[in-house]
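Right, one structure below, let's go through it.
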Amino acid sequence: MQLKKPHQLTSAYPTPEIIEMAKDEYMLQWNGLNSSMVRHGIEKLRNARIEWLPDPVEFAEDYCRITAEDLGMPKVRDAWLEACNHSHEPTSWNWSHDAVRLAGRAVGWLTLKGYSDEQQTRREFDHAYQTLINRAVRGEDITGKVGKALEDLSRIDPVEATERHNAQQLSDTMRKQGINPSGGRAEFLKTIRGL
């Protein structure tokens, strides 16, 4: 910054004592930031068209915090819309980012299709997606073991999943009524005749 805007630096920090105080203030604001976040902030500041140097709080919050967009991930709202609009084709859709697919899978494709409370579903999706963003910001692999497990589950066709769910409910109901579900129609007729 000293090379890019020397007049701003000397105007904001005219004495060595004030420069040291400013460095101390910056260091306090950097608690919780890792070195890659600080490097990101410095690079973002270098490329910014700014009138004046940011104060330490602005630098930490506006420049160092890595956002979803910085990582090539869509904004939360855009991710939500993509997941809802393509919940009927989770395995064939070309997702803008794998995190959108993983968050959609975590919430459930049938749920995203509108078979439940939209506000609750939106909160669940936002939470799942934000969790993935936070993991990516920390440099974690968001498609690791969890991603592979979710990928295997997402290969199930939504219609097939619904049929499985319905068959399970029918089986549970039959058991409650004292009917052996594996006996089929014959077992049902036997139970009816016994009544």
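The values are calculated or read from the model by the stated rules, or taken from the named source; none is laboratory data. On a predicted model such as this, the values are computed, not experimentally measured, just so you know. In this analysis, Cβ positions are derived from the backbone assuming ideal geometry, glycine residues included, and neighbour counts consider all displayed protein chains. Each accessible area value is taken on the protein alone, full model and side chains, heavy atoms only, with ligands, DNA and RNA left out. Shrake-Rupley method; radii C 1.70, N 1.55, O 1.52, S 1.80 Å.
For the residue pairs Lys44/Lys113; Lys113/Lys176; Lys23/Lys44, the C-alpha atoms sit more than 28 angstrom apart in Lys44/Lys113; Lys113/Lys176. A Förster distance of 25 Å, applied to the separation of the beta-carbon atoms of Glu25 and Arg49, puts the FRET efficiency at 0.55. The loop-placed trypsin sites (Lys or Arg not before Pro) in region 57-131, going by DSSP, that have at most 13 neighbouring Cβ atoms within 10 Å of their Cβ come out as Lys75. Each label was represented as a point 7 Å from its Cα along the Cα-to-Cβ direction; for Arg65 and Glu89 these points are 3.6 nm apart. Take the Cα of Glu17, step 7 Å toward its Cβ, do the same at Asp78, and the gap between the two points is 5.0 nm. When you filter the chymotrypsin sites (Phe, Trp or Tyr not before Pro) in region 49-85 for DSSP loop state and at most 10 other Cβ atoms inside 10 Å of their Cβ, you are left with Trp52. Shown in residue order for region 8-13 are the 3J(HN,Hα) couplings computed by the Karplus curve 6.51 cos²θ - 1.76 cosθ + 1.60 at θ = phi - 60°: 5, 5, 5, 6, 6, 10 Hz (x for Gly and Pro). Accessible area per residue for region 1-126, computed on protein heavy atoms with a 1.4 Å probe, is 63 Å².
The GluC sites (Glu not before Pro) found in region 11-72 that occupy coil by DSSP, while having at most 10 further C-beta atoms within 10 Å, are Glu51.
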